[in-house]
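S.K.: Questions regarding the structure given below will be posed in turn.
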Amino acid sequence: MKRRHFPALVGLVATCVFSAHVSAIAQGAFPDRPIRIVVPYPPGGATDVSARLVAGEMAKLLAQSVIVENKPGVAGVIGTDLVAKSPADGYTLVFGGAGNLTLRPIMDPKLSYKVDKDLAPISHVVTYDHLLVVRNGLPARTVQEFLKVAKERKLSYGSSGTGGPQHLAMELLKFMTHTEMTHVPYKGESPAILDLVGERVDAAIISTAVAGQLIKGGKIRAIAAANPYRSRIFPELPTISEAGVPGYEMEAYGGLLAPANTPAPVLAKLQRAAMDAMKAPALQQQFIDGGLIPIGGTSADLSKLLQKEREKWAPIIKSSGVTLE
């Protein structure tokens with residue numbers, strides 16, 4: 001008789017434990033241990049820099065350690081998949097962007113995670129300033145000179161990885177100008193920019209956060225801003241659209257997400273911490289000085305942005321014929 005009731009007893013205990021867990025969250029017990037933010041790219045890139053800046057401020061607000069861990073690979077897929085399959089308790093988050101949240105999912109319908117089903121938006125944290133840069137030995141100081149050289153001889157360009165925003169940004173430029181160039185994918189921005197400095201690739205569209213000091217130091221040359229507005233750090237540069245490719249624009253974003261089904265009180269607490277962190281004047285200045293555009297938006301803002309970006313890039317990717325190679 002007792003054996004028959006054992007499963008029911010187990011179920012009752014499990015229900016009580018779960019209820020106690022939810023109650024503890026509702027009472028503000030979260031977080032009671034360190035939080036991990038997974039950056040699915042190598043150290044040193046704009047995503048990594050952004051995540052580390054906001055994590056430091058969030059740690060103060062949450063009175064708990066917020067650790068950034070790099071899990072690079074396959075243009076952000078490996079780290080994002082890890083978070084999507086992690087426990088939905090708010091202790092493992094991903095700092096994602098256009099590559100792993102928009103472009104790669106469009107290009108690979110069989111991807112191991114679905115952004116809208118497996119991840120829960122927390123906050124739109126940042127937008128990235130991007131520049132078209134070339135190696136010093138390339139005889140091009142304007143967009144038109146660059147395109148002229150590219151049509152005379154096939155140039156190479158580096159990116160943070162196949163299917164990432166910098167790959168697609170250059171593919172869009174190629175498509176709009178009927179220009180051919182060879183794509184050289186790297187495992188992040190840092191190795192790509194190092195090969196540009198070493199003149200092993202000819203060009204790149206890369207974040208100001210990574211390229212800024214190298215441009216100022218004369219290691220590489222910037223010729224235009226890729227965003228639909230001029231760079232805050234290099235306002236003298238025209239946008240690519242202003243420089244003779246009307247309508248060209250690219251914007252890359254950074255946002256914080258948790259596994260789907262993370263309890264609403266936990267998501268709300270994380271959202272508040274991220275938003276309040278981005279309101280700190282010192283942190284905002286750090287972002288601006290690094291060529292990063294601080295946003296600090298809500299989960300709804302990030303959700304709308306994800307939908308808008310999917311709708312924007314799906315037809316571009318289809319019409320340009322770009323593939324994962």
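S.K.: Inspect the stretch 259-268 for any residue being hydroxyl-bearing (Ser, Thr, Tyr), buried (at least 22 other Cβ atoms within 10 Å of the Cβ) and not in a helix (DSSP H, G or I) and give the result as yes or no.
M.R.: Narrowing the stretch 259-268 to residues hydroxyl-bearing (Ser, Thr, Tyr): 262.
Filter once more, keeping what is buried (at least 22 other Cβ atoms within 10 Å of the Cβ): 262.
Now narrow it down to the ones that are not in a helix (DSSP H, G or I): 262.
Yes; the residues of the stretch 259-268 include at least one that is hydroxyl-bearing (Ser, Thr, Tyr), buried (at least 22 other Cβ atoms within 10 Å of the Cβ) and not in a helix (DSSP H, G or I).
For (1) among the β-branched types (Val, Ile, Thr); (2) surrounded by 24 or more Cβ atoms within 10 Å (Cβ to Cβ); (3) in contact with a Lys or Arg (Cβ under 8 Å, 6 or more places away or on another chain); (4) closer than 30 Å to residue 263 by Cα, each residue gets a yes or a no:
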{"position": "133", "(1), (2), (3), (4)": "yes, yes, yes, no"}
{"position": "142", "(1), (2), (3), (4)": "yes, no, no, no"}
{"position": "155", "(1), (2), (3), (4)": "no, no, no, no"}
{"position": "167", "(1), (2), (3), (4)": "no, yes, no, no"}
{"position": "174", "(1), (2), (3), (4)": "no, no, no, no"}
{"position": "180", "(1), (2), (3), (4)": "no, no, yes, no"}
{"position": "185", "(1), (2), (3), (4)": "no, no, no, no"}
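S.K.: Is it the case, given these coordinates, that residue 138 is over 19 Å from residue 178 (Cα atoms) and either crowded, with 21+ Cβ neighbours inside 10 Å or in the same structural domain as residue 203 (by TED's automatic domain parsing) (or both)?
M.R.: Answer is yes for this residue.
S.K.: Go through the stretch 78-106 and give me each residue that's touching a helix residue (DSSP H, G or I) at 6+ places or on another chain (Cβ under 8 Å), surrounded by fewer than 21 Cβ atoms within 10 Å (Cβ to Cβ) and closer than 29 Å to residue 319 by Cα.
M.R.: Within the stretch 78-106, just 106 meets the criteria.
S.K.: A follow-up question, please. Only residues that are touching a Ser or Thr at 6+ places or on another chain (Cβ under 6 Å) and in a strand (DSSP E or B): list them for the stretch 75-94, please.
M.R.: Answer for the stretch 75-94, where residues must be touching a Ser or Thr at 6+ places or on another chain (Cβ under 6 Å) and in a strand (DSSP E or B): 92, 94.
S.K.: Using the structure shown, decide if residue 248 is buried (at least 21 other Cβ atoms within 10 Å of the Cβ), outside any loop (DSSP other than H, G, I, E, B) and among the aromatic types (Phe, Trp, Tyr). It would help to see each step written out before you state the result.
M.R.: Details: buried (at least 21 other Cβ atoms within 10 Å of the Cβ): yes; outside any loop (DSSP other than H, G, I, E, B): no; among the aromatic types (Phe, Trp, Tyr): yes.
Judged against the criteria, residue 248 is not a match.
S.K.: Further question: Just give me the residues in the stretch 163-189 being under 15 Å from the mean Cα position of the chain (by Cα) and assigned to a loop (DSSP other than H, G, I, E, B), in sequence order.
M.R.: 163, 164, 187, 188
S.K.: For the stretch 51-68, which residues satisfy the criterion of being under 18 Å from residue 290 (Cβ atoms) and charged (D, E, K, R)? Step through it out loud before you land on a result.
M.R.: Taking the stretch 51-68 first, the residues under 18 Å from residue 290 (Cβ atoms) are 51-58, 68.
52, 57, listed by residue number.
S.K.: Now for a different question. Taking into account only those residues within the stretch 20-39 that are modelled with pLDDT of 85 or more and touching a Phe, Trp or Tyr at 6+ places or on another chain (Cβ under 8 Å), which is surrounded by the fewest Cβ atoms within 10 Å (Cβ to Cβ)?
M.R.: So the residue we want is 33.
S.K.: Is it the case that the stretch 305-314 has a residue that's surrounded by 18 or more Cβ atoms within 10 Å (Cβ to Cβ) and either farther than 28 Å from residue 37 by Cβ or of a type in the set (A, V, I, L, M) (or both)?
M.R.: Checked against the condition, which is being surrounded by 18 or more Cβ atoms within 10 Å (Cβ to Cβ) and either farther than 28 Å from residue 37 by Cβ or of a type in the set (A, V, I, L, M) (or both), the stretch 305-314 yields at least one hit.
S.K.: Okay, moving on. Are there any pairs, at least 6 apart or on different chains, whose C-beta atoms fall under 6 Å, with the first in the stretch 299-323 and closer than 26 Å to residue 267 by Cβ and modelled with pLDDT of 85 or more and the second of a type in the set (A, V, I, L, M) and not in a helix (DSSP H, G or I), and if so, which?
M.R.: 299/122
S.K.: Here's another thing I want to ask about it. With the requirement that a residue be assigned to a helix (DSSP H, G or I) and more than 22 Å from residue 231 (Cβ to Cβ), what does the stretch 283-308 give you?
M.R.: Answer for the stretch 283-308, where residues must be assigned to a helix (DSSP H, G or I) and more than 22 Å from residue 231 (Cβ to Cβ): 299, 300, 301, 302, 303, 304, 306, 307, 308.
S.K.: Continuing with this model, one more query. Evaluate the following for residue 239: is it surrounded by fewer than 22 Cβ atoms within 10 Å (Cβ to Cβ), of a type in the set (Ser, Thr, Tyr), at negative phi and outside the structural domain of residue 313 (by TED's automatic domain parsing)? Break it down stepwise before answering.
M.R.: On the way: surrounded by fewer than 22 Cβ atoms within 10 Å (Cβ to Cβ): yes; of a type in the set (Ser, Thr, Tyr): yes; at negative phi: yes; outside the structural domain of residue 313 (by TED's automatic domain parsing): yes.
Yes: the conditions hold for residue 239.
S.K.: Report whether or not residue 204 is touching a His at 6+ places or on another chain (Cβ under 7 Å) and not aromatic (Phe, Trp, Tyr).
M.R.: So residue 204 fails the test.
S.K.: Can you tell me which residues in the stretch 151-168 are modelled with pLDDT of 95 or more and in contact with a Phe, Trp or Tyr (Cβ under 9 Å, 6 or more places away or on another chain)?
M.R.: Scanning the stretch 151-168 gives 155, 158.
The values are calculated or read from the model by the stated rules, or taken from the named source; none is laboratory data. Note that this is a predicted model, so its numbers are computed, not measured. Please note: Cβ atoms are built from the backbone with ideal geometry, for glycine as well, and neighbour counts cover all protein chains shown.
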